[in-house]
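Just so it is clear, none of the values below were taken in a lab; they were calculated from the coordinates. These numbers come from a predicted model, not from an experiment. We place every Cβ from the backbone using ideal geometry, glycine too, and count neighbours over all the protein chains shown.
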Amino acid sequence: MSGLIQIFDNKKFVLSNSRISYMMQVNEEGILEHLHFGGAITHPEYFQSQHKRVLRSLSPEFQGMPQFSLYDLPQEYPLFGSSDYRQPALHARNAQGNSIFDLRYKAHRILDSKMPLDGLPSARDGECESLEIELYDELQKLSVFLYYTIYANFEVITRSAKILNQSANSISLEQAMSTCLDLPQQDYELLHFGGSWAREFDAKRHELPYGRFTIESARGTSSAQHHPFMAVLEPGASETWGRVIGTALMYSGNFSITLERNEFKDVRLLAGINPFNFSWQLEAGQTFTCPEVVHVYSGSGLDRMSQNLHGFIQNKVSPQTFAHAARPTYLNTWEAAYFDIDEKKVFELAKYTQSLGLDMLVVDDGWFEGRTDDRRSLGDWTPDKKRFPSGIPALAKKVKDLDLKFGIWVEPEMTNTDSALYREHPDWILHVPGRESSLGRNQLTLDFSRPEVVENIYQQLDELFSCGLIDYVKWDMNRTMTELGSAGHPASRQGEIAHRYMLGVYDLVNRLTQKYPDILFENCASGGNRHDLGMLHYMNQSWVSDMSDPIGRLAIQNGASHIFPLSTYSSYLCPVPNHQNGRITSLETRFNVGFFCGNRGVSMNLEDVAQDESAIKNFIQRYKHTAKDAVNGSFHRIFYTDNEVCWQLISADKQTIYVGYFSILTKPNAAFRSALLRGLDQDALYKKGTKIYSGSALMQAGLDLPLVSTTQNSDASPSRLSDKERVEVLDGGDFVSTIIVLEKS
Ligand code: GLA
């Protein structure tokens, strides 16, 4: 690929495709100045810097430069301590004990590909160009390499930074961010997502305040509390209007995204590893690589931002073997049987899986040595001798003989005190000597900052997977970190443990997914405690939340869809009353919400299914029939309110349109609603039963949605009305829903 990056006078760098431009320049002082990120700029050679040199009272002049303070300059990788008082991208302590560094442009090169990052997940190569810019501190002999990649077909820029210590002394990194984006002086709103267990991805939208606003995790996972993504919006931006810049970190550990707004309304975005509780000893000659960041720009609202992210994640982040493949429907044993499983019961469930018409049986937690409850055995990845005497390969073989695929659950990063692994290696957990370790779900976190621990788990899992009979693995992680310390590293390196842990996880996942490319991996962390681009680089899908009630899931799926394509998240048809919130909903509503996920399954036992068996079989056939559309279709949020949700999915061949409408609590005498559809062919005709609509009418005037009503109301004088006149009614009560299907003719 060429022509995506232009350089003028050896100092102005322009990364452009047909829709976006990212621009920067080396200024007179040799500092890398940020110029623009947004819509495409024509004639970039004439683009003028916004920076004004002015003498401000109380502002120091940078190293004798008249009327010039770094506080006023938009920068690509700013430092603290020489006239810029905002949060810096890099903050370090040098051998003299001070934190003053000075980075000036040294060199650059263009690469016609995208290089992988050392030991970290990163976006994939293809139809892109990359720019490497080296900044250098002459006195401290420190180089910072900034990496930018632009793709021909996505409104996306990826960034990362690498720090190289070329001095003879060690320096201590205290803050090493992946990106800094200094934005134009305007008012902004922010959109980000968070919540808690079973209520992940709740959307939070508010004005950017004066001061500093940070979302972060110090839990060791990217977390359910704050998702590593932030959108900065033009005030009032909607799904279809307004400028939006989204920033997503491709990292699964402690992160922070900070926005700072000062008295001049200058706005700085920093994203990267959370500097809190972090430090890194960078010895002479060593490098430190920051995780990758994805910046996305939309000039027309959140929908376009999401379309871009969806396409980018599916094509440039997800493992490509399964990225576009219809996913198998499955029965997961968890909500069907919890820990009460054995060989016989699993085989019974397999026969049942087959009779329901599903594609795969997944043995969730409870299959390994001694694991009869959540207090024991994590770390011992061999089948329980009493309950699974024939072993996993034999069971998998029997299941596969039923023409089913076979999947299994593991939680590789954990152990319990009651386990052979812990008894043999009590110091292999994250811990601090002399302090009692806090338990989470009765378990301890293995110290993945130590290569020997990662190696042990690799050997055990390799042994399990090598039977060649496993089609799917659910990789779980069910607690956050406490007493963060490692017996494998000296005192001076204890600030590195959380990041080294993530490097260990990525190493393990990378080795296993490379060795077993035909296994479909599903990422899970008590649901969505680590559903991020980092894990999704290695695993195609995530169990996005333990919330399995469809009404509880509406906000979660709606929130997640801002960033993630449907192909990355899963759902099960679960029993009622729901195990997380006790709610009773119809099977149809459970099916309809699950429909808008790329990976669909069932987690019910025989008794749960009994009374609805034929309906469940029908629904499973519909899941299978639409599996490719759920993975490859384009998804749009039509509206989302506290009481009503409407989603639209367009099949990849653009022939079929699915409109999901969900009503939470029924109101008497309700208002009529319609859905302004998006992304249709305006000249085409679309059929819904006997009704025909033009694409433009569906997008400009909308599709009438059924009136949610009680049977009593809807029955009023029906006989006097013709079919055409009669209002379509969704027979009601609470939690009703429908999926309307339109076919392009
Ligand atoms: C976590 C997962 C569940 C299930 C259990 C098993 O809670 O989110 O889906 O796998 O662990 O212990």
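Before moving on, here are some points about what is shown:
- At R0 = 41 Å, FRET efficiency that the Cβ-Cβ distance of Arg375 and Asn581 yields, to 0.05: 0.95
- Each Lys or Arg adds one and each Asp or Glu subtracts one; over the other residues with Cβ under 15 Å from the Cβ of Tyr686, this totals +1.
- Among the chymotrypsin sites (Phe, Trp or Tyr not before Pro) found in region 354-446, not one is both in a DSSP coil and sparsely packed, with 10 or fewer other Cβ atoms within 10 Å of its Cβ.
- Normalising the Debye intensity of region 83-213 to I(0), with uniform scatterers on Cα atoms only, and taking log10 at q = 0.09, 0.19 Å⁻¹ returns -0.39, -1.20.
- Rounded, prolate or oblate (a/c below 1.5 giving rounded, otherwise prolate when a/b exceeds b/c) for region 218-280 by Cα gyration tensor: oblate
- Taking other C-beta atoms within 10 angstrom as a stand-in for reagent exposure, Tyr297, Tyr458 fall in the order Tyr458, Tyr297, fewest first.
- Our note on the geometry: Cα centres of region 41-63 and region 451-520, 47 Å apart.
- Kirkwood's formula applied to the C-alpha pairs of region 1-102 gives a hydrodynamic radius of 15.2 angstrom.
- Between amide H atoms placed 1.01 Å from N, distances below 5 Å from Ala92 occur with Glu174, all of them 5 or more places distant or on a separate chain.
- Cα-based radius of gyration of region 575-627 once divided by 2.2 N^0.38 Å, which approximates compact folds: 1.11
- Sum of side-chain charges, Tyr151 neighbourhood, beta-carbon under 14 Å (Lys, Arg +1; Asp, Glu -1): -1
- Residue-by-residue Karplus 3J(HN,Hα) for region 168-184, coefficients 6.51, -1.76, 1.60, Hz, glycine and proline x: 8, 10, 7, 10, 10, 7, 10, 8, 9, 7, 7, 8, 10, 10, 8, 9, x
- You can think of it this way: the chain between Asp112 and Glu61 has 14.4 nm of extra reach, that is 0.36 nm per residue less the Cα-Cα gap.
- Other residues whose C-beta falls under 11 angstrom from the C-beta of Lys12 contribute a net charge of -2, scoring Lys and Arg +1 and Asp and Glu -1.
- Couplings 3J(HN,Hα) for region 735-745, derived from phi with the Karplus relation 6.51 cos²θ - 1.76 cosθ + 1.60 (θ = phi - 60°), are 6, 9, 7, 8, 10, 8, 10, 10, 10, 6, 10 Hz, where x marks Gly and Pro.
- Whole-angstrom Cα spans of region 351-472 along principal axes, big to small: 55, 26, 23
- Region 334-475: antiparallel DSSP beta bridges as a percent of all, rounded to 5: 35
- Table column - 3J(HN,Hα) (Hz), region 481-496, Karplus curve with 6.51, -1.76, 1.60, x for Gly and Pro: 7, 9, 6, 5, x, 9, 7, x, 9, x, 3, 5, 10, 5, x, 9
- Given Lys114/Lys515; Lys344/Lys628; Lys114/Lys265; Lys344/Lys617; Lys474/Lys688; Lys114/Lys744, the pairs whose alpha carbons are separated by over 31 Å: Lys344/Lys628; Lys114/Lys265; Lys474/Lys688; Lys114/Lys744
- Residues with amide H under 5 Å from that of Ile20, placed H, sequence gap 5 or more: Ala40
- Summarising the label geometry, the points placed 7 Å from Cα in the beta-carbon direction at Leu606 and Ser196 lie 3.8 nm from one another.
- Residues of region 271-285 with amide N under 20 Å of the 7 Å Cα→Cβ point at Ser492: 277-285
- At an R0 of 60 angstrom, the distance between the Cβ atoms of Glu463 and Leu721 translates into a FRET efficiency of 0.30.
- Length-normalised contact order of the chain in % [C-alpha pairs under 8 Å, at least 6 apart]: 10
- Here the spin labels are modelled as points 7 Å beyond Cα on the Cα-Cβ line, and at Ala152 and Asp401 they lie 5.2 nm apart.
- For region 203-338, the share of DSSP beta bridges that are antiparallel, to the nearest 5, is 95%.
- Potential extension, Val54-Thr417 segment - 0.36 nm per residue separation minus Cα distance: 124.3 nm
- Given in Å, the Rg to one decimal and the Dmax to the nearest whole number for the Cα atoms of region 196-301 are 15.6, 51.
- Whole-number D in µm²/s for region 628-670 (Stokes-Einstein; Kirkwood sum over Cα pairs; 37 °C, 0.692 mPa s): 286
- Longest exposed-site-free window of the chain, the sites being trypsin sites (Lys or Arg not before Pro) in a DSSP loop that have at most 11 other C-beta atoms within 10 Å: 53-384
- Taken along its principal axes, the alpha carbon cloud of the chain reaches lengths of 86, 69, 43 Å, longest axis first.
- If you sort the three axes of the alpha carbon gyration tensor as a ≥ b ≥ c, you get a/c of 1.5 or more for region 47-130 and a/b no higher than b/c, which makes it oblate.
- Full extension of the segment from Asp427 to Glu348, taken as 0.36 nm per residue of separation minus the current Cα-Cα distance, would add 24.4 nm.
- Selection from Pro78, Phe101, Ser57 lying farthest towards where the dipole of region 55-113 points positive, charges on Cβ: Phe101
- Computed from the Kirkwood radius of its Cα pairs, the Stokes-Einstein diffusion coefficient for region 258-400 at 10 °C and 1.306 mPa s stands at 77 µm²/s.
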